[in-house]
Amino acid sequence: DGVAQGRGIKCSLCTKVLKKIQALAGDNPDKAAVAAALQKGCQVLGRAMGRLCQRLVKKYQDQITDGLQNGDMPRDICNAMGICRS
């Protein structure tokens, strides 16, 4: 159905964004490194996706930061935020 498909798109976007942010933040990032990566990660997606990304980041910044600092996989972080279904 439409909702599941929309969620699938959001899920792949979330995973893609977090992979990018994870790469930008590097191994063992501190809060500042993650914050900088969040900003940069959204900018590389272009305007439409970038806006979606910004909203995602604003809403879930703490969860994303904690997840990345814990070394969680992007897919797991998106699952934890309820964007992806495991």
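Using a ≥ b ≥ c from the Cα gyration tensor of the chain (square roots of the eigenvalues), is it rounded, prolate or oblate, where a/c under 1.5 gives rounded and otherwise the larger of a/b and b/c decides, a/b for prolate? Oblate, because a/c is 1.5 or more while a/b does not exceed b/c. Counting only protein heavy atoms and a probe of 1.4 Å, the accessible surface of segment 2-81 is 51% carbon and sulfur. Residue farthest toward the positive end of the dipole of segment 2-81, with Cβ of Lys/Arg at +1 and Asp/Glu at -1: which of ALA80, ALA37, SER12? In segment 2-81, that residue is SER12. Estimated from helices alone, the mean residue ellipticity of the chain at 222 nm is -26500 deg cm²/dmol (sum of -39500 (n - 2.57) over DSSP H runs with n ≥ 4, per residue).
The charge dipole of the chain, taken about its Cα centre with unit charges on the Cβ of Lys, Arg, Asp and Glu (plus for the first two, minus for the last two), comes to roughly 480 debye. Note that segment 2-81 presents 62 Å² accessible area per residue, ligands and nucleic acids not counted, probe 1.4 Å.
The values are calculated or read from the model by the stated rules, or taken from the named source; none is laboratory data. Quantities reported herein were computed from a predicted structural model and do not represent experimental measurements. Neighbour counts are summed over all protein chains in view; Cβ atoms, including those assigned to glycine, are modelled from backbone coordinates with ideal geometry. Surface areas here come from the heavy atoms of the whole protein model, side chains and all, with no ligands, DNA or RNA. Shrake-Rupley method; radii C 1.70, N 1.55, O 1.52, S 1.80 Å.
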